[in-house]
2 protein chains.
Amino acid sequence: MHVKRIRVVQDALDANATIARANRADFDRAGVAVVNFMSAPGSGKTALLERALERLERRADAPRVGVLEGDVQGRLDADRLARFHDVPVAQIDTDPGFGAECHLDANMVRSALPLLPLDDLDLLVIENVGNLVCPAEFRVGEDARVMACSVTEGEDKPLKYPLMFRTCDLVLVNKIDLLPHLEYDLPRFLENLQAVHPGVPWLAVSARTGEGIDAWCDWLVAIARRRAPAAVAPASAPAAP
Amino acid sequence: MHVKRIRVVQDALDANATIARANRADFDRAGVAVVNFMSAPGSGKTALLERALERLERRADAPRVGVLEGDVQGRLDADRLARFHDVPVAQIDTDPGFGAECHLDANMVRSALPLLPLDDLDLLVIENVGNLVCPAEFRVGEDARVMACSVTEGEDKPLKYPLMFRTCDLVLVNKIDLLPHLEYDLPRFLENLQAVHPGVPWLAVSARTGEGIDAWCDWLVAIARRRAPAAVAPASAPAAP
């Protein structure tokens with residue numbers, strides 16, 4: 001009985017892993033790097049994405065970015081990104097009536113891929129459903145995971161939601177401009193973060209003031225470059241005049 | 001095939017409803033009112049509960065309160081409440097290894113009831129896992145649902161997580177002391193809230209400054225009274241001297 005229950009769970013995760021590998025193969029073929037962007041509701045994922053897209057528009061080394069928006073209902077976030085005319089945006093609603101899914105899985109992402117011009121992208125950012133639990137359990141074929149955690153959420157979150165913090169490749173500590181107005185102990189948060197994920201990189205950022213957004217863009221550019229097919233990269237950079 | 005899939009979902013929800021009714025029968029027998037307290041991670045549920053328990057300690061009309069803490073992992077919140085010596089606290093960890101549940105359901109609550117002296121309580125507060133999606137889908141036998149939503153989370157949350165806001169009986173708009181430091185449009189939030197749940201009561205509160213905590217206590221006292229068995233209520237209040 002015990003073994004059987006484990007097998008069922010294993011099968012479900014296996015099915016997701018199989019579809020995630022199919023997604024990954026498609027991303028490889030298109031030469032697109034994929035970032036799975038996660039956080040609690042209201043941590044500022046969309047705002048951080050808006051600020052990054054604004055800066056990238058002015059950078060010569062900017063990758064061609066597409067966005068996949070995952071929400072339970074509605075297209076508020078997708079609408080916020082519509083002003084970036086060069087950024088294709090697709091929307092997944094996880095709510096088929098009652099029984100809304102609280103996360104994206106590999107199959108949901110797969111079903112949305114035909115909506116995006118993968119071959120014309122260098123970087124796909126998948127904005128997951130706001131939730132610190134289940135999104136961490138489902139790989140969708142991504143190259144890297146980023147999570148945002150705002151300073152208004154308290155220092156204990158890595159200890160309470162360890163899987164999310166343990167499986168991400170970058171933590172954006174957002175709303176850092178609010179620090180003077182909070183009793184938030186940043187060193188204690190970082191200690192908790194290091195306890196569950198030793199060595200994970202983090203950036204102090206503010207979607208409002210712009211602090212740390214250049215560094216966040218640098219990280220995105222580096223992820224996109226890591227995936228760029230050699231054929232597309234310039235054989236030699238033109239010498240400076 | 002389609003019909004079969006619906007039946008499976010229906011069965012799962014039916015199973016939860018059946019167990020929720022059993023919980024409810026136990027609560028009725030003990031004469032205890034039950035509040036299901038929900039929010040996103042970091043909205044301040046535990047802090048709002050701490051402030052309420054502090055105030056209630058000094059009130060003559062205070063109900064005898066117990067707390068059931070739901071977390072993915074750890075007992076940080078339960079430890080924070082340990083200083084209230086008269087408040088029994090039980091902890092549910094939803095994380096049996098990998099595959100942590102992102103919500104409490106009726107069966108998890110049922111499994112924890114033997115840890116609490118229900119007959120000696122007037123009010124049981126169940127602090128759910130921090131998540132705006134799945135907790136709303138699972139009744140646990142509660143009399144009322146309260147949710148906390150902090151002003152740092154943005155005005156759009158009722159539109160993005162409508163089921164949660166639609167099924168709650170009180171909304172605590174927390175961290176109201178931070179309003180001067182945010183571009184948060186409270187009237188717009190309330191408009192969104194009314195759009196998904198017309199007429200739902202709400203309170204502006206701050207666990208930090210204490211604003212609104214008396215009103216939050218009044219609400220808890222009223223819920224506990226509504227459930228108090230007639231035999232326990234005084235036949236007539238003693239006249240003031």
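What follows draws every value from the coordinates through simple rules; no lab data is involved. Because the structure is predicted, anything quoted here is derived from the model rather than measured. Note that we place each Cβ from the backbone using ideal geometry, even for glycine, and neighbour counts take in every protein chain shown.
Of the beta bridges DSSP finds with both residues in the stretch B:8-226, what % are antiparallel, to the nearest 5?
Percentage antiparallel, nearest 5: 0.
So, in chain B, how many Lys pairs have Cα atoms under 24 Å apart, if the pair is 8 or more places apart or on different chains?
5
I need the inter-copy label distances for A:Ala82: point set 7 Å along Cα to C-beta, values in nm with one decimal, smallest first.
Copy-to-copy label distances for A:Ala82: 5.3 nm.
In a shell of Cβ-Cβ distance under 12 Å around A:Ala106, excluding A:Ala106 itself, what net charge do Lys and Arg (+1) and Asp and Glu (-1) give?
-1
Along each principal axis of its Cα atoms, how long is the stretch A:8-226 end to end? Whole angstroms, biggest number first, please.
Computed over the stretch A:8-226, the largest-to-smallest principal extents equal 48, 46, 34 Å.
Averaged over peptide B:159-168, how many Cβ atoms belonging to another chain are found within 10 Å of each residue's Cβ?
For this peptide, the per-residue mean of nearby foreign Cβ atoms is 4.
What is the packing order of peptides A:203-216, B:118-131, B:39-52, taking the mean over residues of other C-beta atoms within 10 Å and listing the highest first?
Per-residue Cβ counts within 10 Å, averaged per peptide and sorted highest first, yield B:39-52, B:118-131, A:203-216.
Sort B:69-81, A:166-178 by packing, meaning the average of other beta carbons within 10 Å per residue, with the highest value first.
Top of the packing list down: A:166-178, B:69-81.
Once the label point is placed 7 Å from Cα along Cβ, list for A:Gln194 the distances to the corresponding points in the other copies, in nm, shortest first.
Result, one decimal in nm: 5.0.
As a check on your grasp of the helix formula, calculate [θ] at 222 nm for chain A: sum -39500 (n - 2.57) over DSSP H runs of n ≥ 4, divide by the residue count, round to the nearest 500.
Value at 222 nm, helices only: -11500 deg cm²/dmol.
Would you mind giving the mean number of other chain beta-carbons within 10 Å of the Cβ of each residue in A:32-44, as a whole number?
4
Looking only at other chains, what is the average number of their beta-carbon atoms within 10 angstrom of each beta-carbon in B:70-83?
Taking all residues of B:70-83 together, the mean is 2.
I'd like the per residue volume of the convex hull spanned by the Cα atoms of the stretch B:33-80, given in cubic angstrom.
Measuring per residue, one finds 87 Å³ for the Cα hull of the stretch B:33-80.
Just how far, in whole angstrom, is the stretch A:55-98 from the stretch B:16-34 if you go by their alpha carbon centroids?
Taking the Cα centre of each part, the stretch B:16-34 and the stretch A:55-98 sit 44 Å apart.
Specify, per residue and in Å³, the volume enclosed by the convex hull of the alpha carbon atoms belonging to the protein assembly as shown.
That works out to 176 Å³ per residue.
I'd like the distance separating the alpha-carbon centroids of the stretch A:162-225 and the stretch B:123-152, in whole Å.
28 Å
Which ³J(HN,Hα) values in Hz, rounded to whole numbers, follow from the phi angles of the stretch A:129-142 under the Karplus curve 6.51 cos²θ - 1.76 cosθ + 1.60, where θ = phi - 60° and Gly and Pro get x?
5, x, 4, 9, 10, 5, x, 5, 8, 10, 5, 10, x, 6
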